[in-house]
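A quick write-up on the structure given underneath.
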Amino acid sequence: MADLCISKGHEVYGMVRRTSTSNDINFKHLLDKPKFHLVYGDSLDGFSIDTLVRNINPDYFVNFAAQSFVGCSWDIPEETFLAGAVGVLKCLEAIRKNSPNCRFYNAGSSEQFGDVVYCPQDEKHPFRPRSPYGAAKVAAQALVKVYRESYNLYAIQGMLFNHESERRGEEFVTRKITKGIGRIVRALQRSESFEPIKLGNLDAKRDWSHSQDFVEGVWRMLNQEKYREEVKIPKLWPKSLREYVLSSNETHTVREFIDIALKEAAIEGQWSGTGVDEKFISNGSVIVSVDPKFFRPAEVDILLGDSSLIRKELGWKPNISFENLVKRMVKNDLPHAKEAQGQE
Ligand code: F7E
């Protein structure tokens, strides 16, 4: 998102929550850009948000802050809910008080649909969250709506299906697979032994896209009058603003992701066994196995989006296919790619 805003000529302030070890790998390349600034803050610290919004007086406020790992949200439900919902309230209050013309975007999620009642899920699908994470995002969307309608704020929350990239965190299933493949390929090249990639539910179906496509969708949601065919005037904000679904409109199992990823890494083999005994075996070695430790207390079995509304109204469409997403992530994590980047 920061890359996109800078490419459009905007000044970007990235809010950093203080931690004892730095975690700047995904924005290191921006640190020497004159239009990129880092500021300390925490969306759970109302004072810091209030001060930042007052001092910066931003045109746009994009809130991606969250405990975004669904699997962990049962272990730390309170932190997940505070960051996902109460943090949003603090952002909205800071904008209402200090910068009411600022456009606010909050990251919503397909996890809000949860236990789905029909496929594909569009903007009208009911919210039936299955995790503390999903519940927090539902609460946040309700708060965003209340602030939009009560105070005439340009405040919206997009419902984004899974979006991944070469920068994805390593505990999410896509990156766990591609990093795991990189590790195994390196071991095979050195004739060393290796541990398989241990995963949970291989039958889960997700609608995966590349994040690069989605940030463009977020940008369009933040500038709806520009992209809409019929230009609406700002005074009609609460009535004319829409909150859209962003999705590829395809669904694939975790197993299908693995198949494409292994093919890209030229690891041949076959699946055998079922349930917790299922494995992918190549030349007698187990590459992927199932570990029940990664099953969730409640699973969202299938997510499949319908993003026709934003395609029609704001002219958005994704450019990177599911297959290309997987290939890009694998290429990035193969050992030679890392060595070329000087990261190994
Ligand atoms: O899981 C299954 C797991 O953790 C995807 C976040 O960005 O997208 C993301 O949430 C699926 C699930 O993402 C493992 O059970 C199998 O069915 O990569 P994930 P997520 O939970 O879908 C939504 C839209 C968000 O909003 C979230 O912030 O893969 N799965 N085995 C596994 N998942 C993980 N993490 N690890 C496994 O070993």
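Rounded to a whole number, what % of the accessible area of the chain do carbon and sulfur atoms account for, probe 1.4 Å?
50
For region 249-344, what is the largest minus smallest coordinate of the Cα atoms on each principal axis, given in angstrom and ordered from greatest to least?
For region 249-344, the Cα spread along each principal axis is 52, 40, 23 Å.
Just need the Rg to Rh number for the chain, please, alpha carbons only, Kirkwood Rh.
0.98
Quick one: Karplus J couplings for region 124-131, per residue in order, coefficients 6.51, -1.76, 1.60, θ = phi - 60°, nearest Hz, x for Gly and Pro?
Listing the rounded values in order: 8, 5, x, 8, 9, x, 10, 9 Hz.
Tell me what the chain gives for mean residue ellipticity at 222 nm when only DSSP H runs of n ≥ 4 count, each as -39,500 (n - 2.57), the sum divided by the residue total, rounded to 500 deg cm²/dmol.
-10500 deg cm²/dmol
Rounded to the nearest 10 Å², what accessible area does His163 have for a 1.4 Å probe in the complete protein model?
Estimated to the nearest 10 Å², His163 gives 60 Å².
Between Asp333, Asp32, Asp291, where does the largest GNM mean-square fluctuation fall for the chain, given springs only between Cα atoms within less than 10 Å?
Asp32
Residue by residue through region 280-297, which ³J(HN,Hα) values in whole Hz follow from phi under the Karplus form 6.51 cos²θ - 1.76 cosθ + 1.60 (θ = phi - 60°), with glycine and proline marked x?
10, 10, 10, 6, x, 9, 7, 9, 10, 9, 9, 10, x, 4, 9, 6, 9, x
Please give the per residue volume of the convex hull enclosing the alpha carbon atoms of region 16-158, rounded to a whole number of Å³.
Considering the Cα atoms of region 16-158, their hull volume per residue is 132 Å³.
For Ser247, what charge total do you get from the other residues with a beta carbon under 12 Å from its beta carbon, if Lys and Arg give +1 and Asp and Glu give -1?
Net local charge, Ser247 excluded: -3.
Determine by what factor the alpha-carbon radius of gyration of region 168-277 differs from 2.2 N^0.38 Å, reporting the quotient.
Against the compact-globule rule of thumb, the ratio is 1.57.
Looking at Ala107, Pro58, Ala94, which one has the Cα that reaches farthest to the positive end of the dipole of region 29-123 (charges on Cβ: Lys, Arg +1; Asp, Glu -1)?
Positive-end residue among those listed: Pro58.
Which cross-chain or sequence-distant (5 or more) residues have an amide H under 5 Å from the amide H of Ser109, H modelled 1.01 Å from N in plane?
The answer is Leu160.
Could you work out the longest stretch of the chain that avoids the trypsin sites (Lys or Arg not before Pro) located in DSSP loops with at most 11 other Cβ atoms within 10 Å?
My reading of the result: 191-344 is the longest stretch.
So if each residue of separation counts as 0.36 nm, and I subtract the Cα-Cα distance between Ala187 and Trp271, what length gain in nm does that give?
That works out to 28.2 nm of additional length.
Return the long-range amide H neighbours of Arg103 (sequence gap of 5 or more, or a different chain), with a cut-off of under 5 Å between placed amide H atoms.
Those lying under 5 Å, H to H, from Arg103 are Tyr60, Phe61.
Determine by what factor the alpha-carbon radius of gyration of region 58-111 differs from 2.2 N^0.38 Å, reporting the quotient.
After normalising by residue count via 2.2 N^0.38 Å, the value is 1.25.
Using only the alpha carbons of region 275-325, determine the length spanned along each of the three principal axes and report them from longest to shortest in whole angstroms.
Result, largest extent first: 51, 31, 13 Å.
Whole number in Å², please: accessible area per residue of the chain, 1.4 Å probe, ligands, DNA and RNA not counted.
49
Using θ = phi - 60° and the Karplus relation 6.51 cos²θ - 1.76 cosθ + 1.60, list the HN-Hα couplings for region 250-265 in order, rounded to whole Hz, with x at every Gly or Pro.
Per residue, the Karplus-derived 3J(HN,Hα) values read 10, 10, 9, 7, 4, 4, 5, 4, 4, 4, 5, 5, 5, 4, 4, 8 Hz.
Rounded to the nearest 5, what % of DSSP beta bridges with both residues in the chain are antiparallel?
That works out to approximately 25 percent antiparallel.
Taking a probe of 1.4 angstrom, what is the accessible area of Glu299 in Å², to the nearest 10?
Result for Glu299: roughly 30 Å² accessible.
Could you tell me the largest-minus-smallest coordinate of the C-alpha atoms of region 122-221 on each of the three principal axes, in descending order and whole angstroms?
In descending order, the Cα extents are 64, 28, 19 Å.
For region 115-154, what is the per residue volume of the convex hull drawn over the alpha-carbon atoms, in cubic angstrom?
75
Taking amide H positions as placed 1.01 Å from N in the peptide plane, with prolines and chain starts having none, which residues 5 or more places from Glu164, or on another chain, fall under 5 Å of its amide H?
Counting only residues 5 or more places away or on other chains, the set is Ser209, His210, Ser211.
The values are calculated or read from the model by the stated rules, or taken from the named source; none is laboratory data. Quantities reported herein were computed from a predicted structural model and do not represent experimental measurements. Glycine gets a Cβ as well: all are built from the backbone with ideal geometry, and neighbour counts include every protein chain shown. All accessible areas refer to the heavy atoms of the entire protein, side chains included, with ligands and DNA or RNA removed. Shrake-Rupley method; radii C 1.70, N 1.55, O 1.52, S 1.80 Å.
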